[in-house]
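**Student:** Structure provided below as structure tokens; questions to follow.
The values are calculated or read from the model by the stated rules, or taken from the named source; none is laboratory data. The shown structure was predicted, so the numbers you read here are calculated from the model rather than taken from an experiment. So basically every Cβ, Gly included, is an ideal-geometry build from the backbone, and we count neighbours across all protein chains shown. Heads up: the accessible areas ignore ligands, DNA and RNA and are worked out on the full protein's heavy atoms, side chains in. Shrake-Rupley method; radii C 1.70, N 1.55, O 1.52, S 1.80 Å.
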Amino acid sequence: GNLDDLVDDVLLETLVEVEAGNGKENNETPNYDIDTKYDDLPDDFKDLIAPSTAGHISVIQGPEMVLTTEEIIFLNRNKIIHEGHLRSTCPVSLFQARVAQYLGKISKDGLMFFLAAGRKAQNYYHYMTMASQPFFNELTTRTQTLLMRQNTQLCFSLNIANYFFGHNAKTAIEQEEMTGMVTGLGDYIRANAPEAVNMPLAAYDEYFAGPWATDREQEAKHRELTKSIGECIRDLNFSAYLLLYGVTLYNINQEAMNEMEIQQKDVEIIKKAQNYLDILYKRYTKHLIGWKRASETRLNQRYLLEQMNDCVLIFSMKSLQLNDLTNSETLDPSSVKLS
């Protein structure tokens with residue numbers, strides 16, 4: 001069955017009392033049609049839901065931000081979907097190559113060859129993540145493809161910032177667990193190569209080893225920007241990262257939509273998605289770390305997008321386009337859909 005059926009079974013008993021008094025459906029809540037595995041909701045699920053007041057859910061209680069039932073459902077669905085994508089798109093050959101390099105069985109260059117060959121899997125991961133964003137399935141295929149091509153490199157910049165700098169990990173397994181980017185590497189190591197359980201994390205400086213850009217100054221700036229974005233995500237959590245990913249995918253203004261001749265119905269859907277994700281990101285970060293910290297400029301989605309855009313300018317305009325992960329030309333999730 002589809003995801004709605006699966007998740008609804010998990011949520012029904014927990015939500016039935018809360019929903020009983022609410023009495024109305026929220027037509028703005030996104031829906032999904034993606035098969036995936038699912039886990040139980042977090043232990044503190046009921047603590048996250050605002051108490052019912054006069055038949056309606058109270059959104060704000062005291063000085064703390066309390067999320068609505070619909071928002072909690074969305075955040076958990078988003079997480080469940082993404083966990084399925086990560087495990088289904090990362091090939092075992094990449095696990096084998098990383099472990100083999102750690103154990104001295106292949107060279108660093110050999111590992112980089114495997115990683116470059118894995119770009120197809122990376123494109124598929126980004127395609128699946130984009131395709132599962134709220135309201136995306138309501139867009140025409142043409143507009144979906146235009147959005148992907150417009151913002152893939154922004155999404156990639158956010159993704160690598162989280163992976164390389166969104167944690168305080170020492171090992172590869174800790175890196176995945178702390179960033180939420182759990183591909184199955186830990187399970188593979190524990191089952192097939194327990195001697196690699198303390199394998200070091202994947203570091204930015206290994207994957208973006210210079211020279212990869214036209215000059216060292218641009219490389220240093222790219223690293224500094226990526227680190228800054230990652231450290232912001234580290235202060236939040238995986239659900240906030242996923243909301244930022246959605247905000248990033250839908251980062252397009254009216255002028256650009258006019259130039260691309262995006263039909264009016266799609267323009268309205270994009271604006272609805274932008275509004276939904278913007279508001280939820282602001283509300284969720286306030287719920288997560290409090291009003292004061294969430295109001296810091298560095299956590300503002302527009303500020304983060306500006307940093308991502310600076311990363312993209314370096315990555316796309318200054319890259320030497322080598323046959324590795326620093327090559328921006330092979331990064332194209334829309335190719336998955338069109339092939």
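**Student:** Would you please give the residues with an amide H less than 5 Å from that of residue 169, counting only those at least 5 places away or on a separate chain, with H modeled from the backbone geometry?
**Tutor:** For residue 169, no residues qualify.
**Student:** Could I have the simple spin-label model distance between residue 265 and residue 195, label points 7 Å from Cα toward Cβ, reported in nm to one decimal?
**Tutor:** It is 6.1 nm.
**Student:** Report Rg(Cα)/(2.2 N^0.38 Å) for region 141-222, keeping two decimals.
**Tutor:** This ratio for region 141-222 stands at 1.38.
**Student:** Taking the Cβ-Cβ separation of residue 224 and residue 187 as r and a Förster radius of 30 Å, what is the calculated FRET efficiency to the nearest 0.05?
**Tutor:** 0.30
**Student:** For region 252-257, just list the computed ³J(HN,Hα) in residue order, Karplus coefficients 6.51, -1.76 and 1.60, θ = phi - 60°, integers in Hz, with x standing in for Gly and Pro.
**Tutor:** 8, 9, 4, 4, 5, 5
**Student:** While we're here: Residue by residue through region 203-208, what is 3J(HN,Hα) from phi via Karplus (6.51 cos²θ - 1.76 cosθ + 1.60, θ = phi - 60°)? Round to whole Hz and write x for glycine and proline.
**Tutor:** Karplus values, whole Hz, x for Gly and Pro: 9, 3, 5, 7, 7, 10.
**Student:** With the radius of gyration and the Kirkwood radius both derived from the Cα set of region 208-277, what is their ratio Rg to Rh?
**Tutor:** Reported Rg/Rh (Cα atoms, Kirkwood Rh): 1.14.
**Student:** Summing Lys, Arg as +1 and Asp, Glu as -1, what charge do residues with Cβ under 15 Å from the Cβ of residue 195 carry, residue 195 excluded?
**Tutor:** That sum, taken over residues with Cβ under 15 Å, equals +3.
**Student:** Working from the alpha-carbon coordinates of region 155-282, get Rg over Rh, Rh being the Kirkwood radius.
**Tutor:** 1.08
**Student:** Still on this structure: Sequence-distant or interchain residues sharing an amide H contact under 5 Å with residue 67, placed H: which?
**Tutor:** Amide H neighbours of residue 67: 50.
**Student:** Still on this structure: I'd like the FRET efficiency for residue 217 and residue 254, computed as 1/(1 + (r/R0)^6) with the beta carbon distance as r and R0 of 41 Å, rounded to 0.05.
**Tutor:** With R0 = 41 Å, the Cβ-Cβ based efficiency is 0.75.
**Student:** Tell me, what ³J(HN,Hα) does each residue in region 178-186 have, in order and in whole Hz, if you take phi through Karplus 6.51 cos²θ - 1.76 cosθ + 1.60 with θ = phi - 60° and put x for Gly and Pro?
**Tutor:** 6, 8, x, 8, 8, 8, x, 4, x
**Student:** Kindly flag which residue pairs out of 221/318; 221/292; 79/282; 170/221 have an alpha-carbon separation exceeding 21 Å in this structure.
**Tutor:** The answer is 221/292; 170/221.
**Student:** Could you state the accessible area per residue of region 249-339 in Å², with a 1.4 Å probe and every protein chain left in place?
**Tutor:** 52
**Student:** For residue 257, what charge total do you get from the other residues with a beta carbon under 11 Å from its beta carbon, if Lys and Arg give +1 and Asp and Glu give -1?
**Tutor:** -4
**Student:** Shifting gears a bit: Output the peptides 217-223, 94-100 sorted from most to least packed, where packing is the average of other Cβ atoms within 10 Å over each peptide's residues.
**Tutor:** 94-100, 217-223
**Student:** When the scattering of region 243-298 is computed by the Debye formula from its Cα atoms alone, each counted once and equally, what is log10 I(q)/I(0) at q = 0.17, 0.21, 0.30 Å⁻¹?
**Tutor:** Values, matching the q order: -0.61, -0.79, -1.16.
**Student:** While we're on this one: Amide H of residue 213: which non-local residues (sequence gap of 5 or more, or other chain) have their own amide H closer than 5 Å, using H built in the peptide plane?
**Tutor:** 320
**Student:** Please find the FRET efficiency linking residue 209 to residue 120, where r is the Cβ-Cβ separation and R0 is fixed at 22 Å, and quote it to the nearest 0.05.
**Tutor:** After rounding to 0.05, the efficiency reads 0.50.
**Student:** Starting from the 7 Å offset along Cα-to-Cβ, what nm value, one decimal, do you get for the label separation of residue 107 and residue 174?
**Tutor:** 3.1
**Student:** Could you provide, to the nearest whole Å², the per residue accessible area of region 83-134 with probe 1.4 Å?
**Tutor:** Value returned for region 83-134: 45 Å² of accessible area per residue.
**Student:** May I pose another question? Semi-axes of region 199-339's equivalent ellipsoid from the Cα gyration tensor, sqrt of 5 times each eigenvalue, largest first, rounded to whole Å?
**Tutor:** Computed over region 199-339, the values are 28, 23, 14 Å.
**Student:** While we're looking at this one, here's another question. Would you kindly compute the Cα radius of gyration of region 191-242 and its largest Cα-Cα separation (Dmax), both in Å?
**Tutor:** Cα only, region 191-242: 15.3, 43 Å (Rg, Dmax).
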